[in-house]
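Written out below as structure tokens is the structure these notes cover.
What follows draws every value from the coordinates through simple rules; no lab data is involved. Everything quoted here is computed from the prediction, not taken from an experiment. Reconstructed Cβ throughout: ideal geometry from the backbone, glycine too, with neighbour counts over all protein chains shown.
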Ligand SMILES: [Zn+2]
């Protein structure tokens, strides 16, 4: 049996394994799937890079 969870960003239902665990909490998992987390980090870094240049 596989538990699934819905990503708040891409709104796709994925197995919980596709979600990273939060550092605090036993059962808590991220609201965003790994793919979206990677994308979010990439976007944040790009924004920080832009901010530094300006
Ligand atoms: Zn997602």
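Descriptive notes on the structure:
- Distance between the pseudo-spin-label points of residue 39 and residue 3 (7 Å out from Cα toward the beta carbon): 2.4 nm.
- Mean residue ellipticity (222 nm) of the chain, computed from DSSP H runs ≥ 4 via -39,500 (n - 2.57), nearest 500: -12500 deg cm²/dmol
- For the chain, the longest principal axis of the alpha carbon atoms and the long axis of helix 34-53 meet at an angle near 10°.
- Cα centroid separation - segment 30-52 against segment 5-21, whole Å: 16
- The chain: most fluctuating residue of 23, 42, 12 per GNM, C-alpha cutoff 10 Å: 23
- Shape of the chain, Cα gyration tensor, a/c cut at 1.5: prolate
- Dividing the mean sequence gap of close Cα pairs (under 8 Å, 6+ apart) by how many residues the chain holds gives a relative contact order of 25 percent.
- Sorted by Cβ neighbour density within 10 Å, fewest at the top, the residues 49, 9, 24: 24, 49, 9
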